[in-house]
Amino acid sequence: MQTSDHYPISPKNVPESLTQANSSYKRQAILAMSGLIFFMIFYLALMTCFAYITYEGVDRFLHGDRGNLFNIVATSCSFLLTLFMVKSLFAVRKAGNPGGIEVTAEQEPKLFNFLHNLSDEIGAPRPHRVFITPEVNAAVFYDLSLLNLIFPSKKNLVIGLGLVNVLNLGELKAVLAHEFGHFAQGSMVVGRWVYVAQQIIAHMVATRDWLDSVVRFISRIDLRIAWLGWILSLVIWSIRSMMDTLFSLVIIAERALSREMEFNADLVAVSVTGSDALVNALYKLQAADHAWQTALDVAGQEAESGKILDDIFKAQEATIGQMQRVLDDEFYGTVPPRPDDVEDAHHRVFAEETARPPQMWSTHPANSDREENAKAQYIAADIDERKAWEVFADERELRRLISISFYNTDKIDELEVGQPLEAVVQRFDRPSYSPEYRGVYLNRSPVRDFSSFDEMLAKANIDTDMEKAIAALYPASIADDLEKLRNLEVEKYTLEALASGDLKPSGGVIRHRGEEISKEEIPDAIEEISADQRLVSDSLMQQDANCRAVHLCLAQHAGKGWNEYLTALIKLLHCSEHLHAIVENEHSLLVNTWQVITADGQIGHFEKKRIIRVCNAAQAEMETVSKVILDMQLPADVLEKLGITDWSEQIPLFKLPAADKKNWPEWCQTASQIMSGMSGLMSAISAILQEDLILIEAKLRDERSQLNDWEDAPEPGRCPENYPVLLPGNEHVLQRKLDLWNRFQLAQGVFPTTARLLVSVGIVGGTIFAGLISLF
């Protein structure tokens, strides 16, 4: 193997057994392969059975045996069912272009030399095609067709520059080695077969084409013929249901194998980079995801002002730096150092509760599990600290090409080139982002947890010595509480998604705080998390109440209307935050109800009545919110920042006729648009009020020795005395599970799935039996 000066040195004395498939891997591979083979044999056998009935019926007809009406119907139905199953086999399509740009060895010689060295060292086939994309991502995809059930597919590699931008050369080698580890896995054939079969089933279950149109046409003809269409519709539904349910069992087995494959691919990376490089990359990717999305938002805002960022990756880097400042955490986006008293082999960067996979590996095992796997047999190795950009021929030009691909090429010449660093600094140039606040105002409201302004003041408990009270406002413990609260929210969201079926557990196993739990135990685990959340939230609420109380005391001391101004600002912020929450809550229920009643593609009488009830309830809430908004009086500078000159004319209000059985679909669409506008307005008002509040509070602290010299306060705003309040946890309980009939149709849950399978098997079996009887 010929290496180059930009290819990191691999560790020595790596045990040959490190990457060998273990017994669990082999067992899952056998189960997945057996299940898939059984499924494909069953599918082909069923298709052949219908084809045989069709052939025999046509053959008899051609040889003069006209039979009876039953024979003709059976033959015709079998013919259409054969077509139905055959056409799904040819629904497989190539994966296509993943976006970005494709590069060749001539264009990127260093990159291909790097990739070829890596593939040769691992013993994996070299990538067929290589694509460069902007995202935080690295992945393998296939050029697939029906022939790939027999012949191996060529594997292509995707490298995201958002990933390259945050890794060093050693970490990039580890991430790509993981992907090349998949190249080398013989069990990848299972994944390829599953992917092909998945497209076949997806086409069969979801696609409605000419054959369905034919059946519907037959169903609408005279009653003497329509019954044939009804029978065909029922049988086609049964075949779809049966195949969909059986294939779901294959997916379960494949998912369990997938977990083992990911662990094995990680060990392949460990064998050529050591145990730390891949883990370090995983740790960095969590911040990289957030920074990349922020960079895209900044680029979008700059475009609106007529500027183009020709290097969005600088914005990503700057975002990580700004987040380090905001959170007062120098290790944000970087790997924290190993404590001196902990050996390398025992050092862990992922705790159980914080081990969420980054976006690019969201379907993979938890990060803590992957770290344990990578360090179970610790392989020491130095990590090449050079920039990962070393593998590209012209880093600057590549960054520019990918960055400008986000813009309309026809209008690029009209845009002024902006400065990514300045744009990001401006994005984070807010009083609330000062490091002294330790991130307490980052995506968090300081008033939403309180039912009223009076409750907030009643909860405050501050030192009578104002200097001590000010010194205690933002202790270092806040950062720990915020981190704990974020982790608890992730835990809770993950468990709720697992309970609802929106998220599938890696390998079919649910893990919570280091232990395996069953689906039935999830509610208890969620309650445990909720109790922990309440404790942390209560501590932060105390901090919020103390902050407001201290500054109101300072404002009282300043006199000249500052106490009234600050009080009005807090009340307006409280009101706008709760109005925003109410609008979002009603909008979520409306969308959820729409999704539930349309889940099976049919809307019945009771489902219409249900959504009309939701519409009317939402209308009542929105009309109340509209009245409160009209009664709000914002300070002049807030109106100026909003760009509003006439409050009653420019704000979006809810003015719709009542929903009924005729207009409810249009009502829902219009209402959704109005709610989005109201939500956006209240969010903007809250953001401005919060920044003004924090700015004034900071000025009160900094100038507390000169408060007597302050000028008169501006004219304060006014908040309505009474307005609706929605405390966290009191939101509508959205329907995560469909009713029994819809779950039966969509095979959700053990009992509905089993029932649908039995019904569909009975109908399909009866159809085959009737077809065979017609031949004798």
Scan segment 255-278 residue by residue and report those that are surrounded by fewer than 24 Cβ atoms within 10 Å (Cβ to Cβ) and of a type in the set (Asp, Glu). GLU260, GLU262
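Determine whether ILE597 is over 20 Å from SER676 (Cα atoms), modelled with pLDDT of 90 or more and out of contact with any Cys (no Cβ under 8 Å at 6 or more places or on another chain). Steps first, please.
Values: over 20 Å from SER676 (Cα atoms): yes; modelled with pLDDT of 90 or more: no; out of contact with any Cys (no Cβ under 8 Å at 6 or more places or on another chain): yes.
When the stated conditions are applied, ILE597 does not pass them.
Aliphatic (A, V, I, L, M) and either crowded, with 19+ Cβ neighbours inside 10 Å or more than 22 Å from ILE651 (Cα to Cα) (or both): does that describe LEU630? Break it down stepwise before answering.
Numbers: aliphatic (A, V, I, L, M): yes; either crowded, with 19+ Cβ neighbours inside 10 Å or more than 22 Å from ILE651 (Cα to Cα) (or both): no.
The answer is no for LEU630.
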Might you check whether a residue that is over 22 Å from ALA318 (Cβ atoms), surrounded by fewer than 20 Cβ atoms within 10 Å (Cβ to Cβ) and not β-branched (Val, Ile, Thr) occurs anywhere in segment 419-442? no
Just give me the residues in segment 301-327 being modelled with pLDDT of 90 or more, among the small types (Gly, Ala, Ser) and surrounded by fewer than 22 Cβ atoms within 10 Å (Cβ to Cβ), in sequence order. GLY321
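If the requirement is being under 30 Å from VAL250 (Cβ atoms) and within 36 Å of the chain's Cα centre (by Cα), which of these qualifies: ALA21, ALA51, ALA45? Write out each step before concluding.
On the way: ALA51 fails: within 36 Å of the chain's Cα centre (by Cα); ALA45 fails: within 36 Å of the chain's Cα centre (by Cα).
Being under 30 Å from VAL250 (Cβ atoms) and within 36 Å of the chain's Cα centre (by Cα) holds for just one of ALA21, ALA51, ALA45, which is ALA21.
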Test each condition in (1) at pLDDT 90 or above; (2) in contact with a helix residue (DSSP H, G or I) (Cβ under 9 Å, 6 or more places away or on another chain); (3) in the same structural domain as ALA558 (by TED's automatic domain parsing) for GLN419 and report the one that comes out false. (3)
Kindly provide the set of residues from segment 513-529 that are in a helix (DSSP H, G or I) and surrounded by fewer than 14 Cβ atoms within 10 Å (Cβ to Cβ), ordered by number. LYS519, GLU520, PRO523, ASP524, GLU527
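Each row is one residue, and each column tells you yes or no for (1) among the hydrophobic types (A, V, I, L, M, F, W, C); (2) modelled with pLDDT under 85; (3) outside the structural domain of TRP230 (by TED's automatic domain parsing); (4) not in a helix (DSSP H, G or I).
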| residue | (1), (2), (3), (4) |
| --- | --- |
| TYR52 | no, no, no, no |
| GLY57 | no, yes, no, no |
| ARG60 | no, yes, no, no |
| GLY67 | no, yes, no, yes |
| ASN71 | no, yes, no, no |
| ALA74 | yes, yes, no, no |
| LEU80 | yes, yes, no, no |
| LEU83 | yes, yes, no, no |
| LYS87 | no, yes, no, no |
Of the residues in segment 197-226, those that are modelled with pLDDT under 75 and loosely packed, with under 14 Cβ neighbours inside 10 Å come to ALA206, THR207, ARG208, ASP209, TRP210, ASP222, LEU223, ARG224, ILE225
Of the residues in segment 71-130 that are touching a Gly at 6+ places or on another chain (Cβ under 9 Å) and among the small types (Gly, Ala, Ser), the one that is surrounded by the fewest Cβ atoms within 10 Å (Cβ to Cβ) is SER76
From the list LEU540, LEU566, LEU572, exactly one residue is touching a Gly at 6+ places or on another chain (Cβ under 7 Å), closer than 17 Å to ILE694 by Cβ and crowded, with 17+ Cβ neighbours inside 10 Å. Which is it? LEU572
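Would you mention how many residues in segment 123-138 are farther than 19 Å from ASP297 by Cβ and of a type outside the set (D, E, K, R)?
Looking only at segment 123-138, we keep the residues that are farther than 19 Å from ASP297 by Cβ, and these are 123-132, 138.
When the remaining residues are screened for being of a type outside the set (D, E, K, R), the result is 123-125, 127-128, 130-132, 138.
Total satisfying the criteria: 9.
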Filter result for ASP329 (in contact (Cβ under 8 Å) with a residue 40 or more places away in the chain and farther than 24 Å from VAL279 by Cα): no
If you check ALA393, ALA381, which single one turns out to be in contact with a helix residue (DSSP H, G or I) (Cβ under 7 Å, 6 or more places away or on another chain) and farther than 18 Å from GLY170 by Cβ? ALA393
Looking at segment 690-726, which of the residues that are loosely packed, with under 13 Cβ neighbours inside 10 Å and without any contact (Cβ under 8 Å) to a residue 40 or more places away in the chain is nearest to LEU569 (Cα to Cα)? GLU721
Residues of segment 662-702 being touching a Leu at 6+ places or on another chain (Cβ under 9 Å) and more than 28 Å from VAL628 (Cα to Cα), in sequence order, are LEU700, ARG701
Out of the residues in segment 328-380 that are modelled with pLDDT of 85 or more and of a type in the set (A, V, I, L, M), which is nearest to GLU317 (Cα to Cα)? VAL335
Output the number of residues of segment 106-121 satisfying the condition of being under 33 Å from the mean Cα position of the chain (by Cα) and not in a helix (DSSP H, G or I). 1
What pairs come out if I take residues in segment 1-29 that are aromatic (Phe, Trp, Tyr) and pair them with residues that are in a loop (DSSP other than H, G, I, E, B) and modelled with pLDDT of 85 or more whose C-beta lies under 9 Å away, six or more apart or interchain? TYR7/ASP384
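The values are calculated or read from the model by the stated rules, or taken from the named source; none is laboratory data. As the structure is a prediction and not an experimental result, all values here were calculated from the model. No Cβ is skipped: glycine too gets one built from the backbone with ideal geometry, and neighbour counts run over all protein chains shown.
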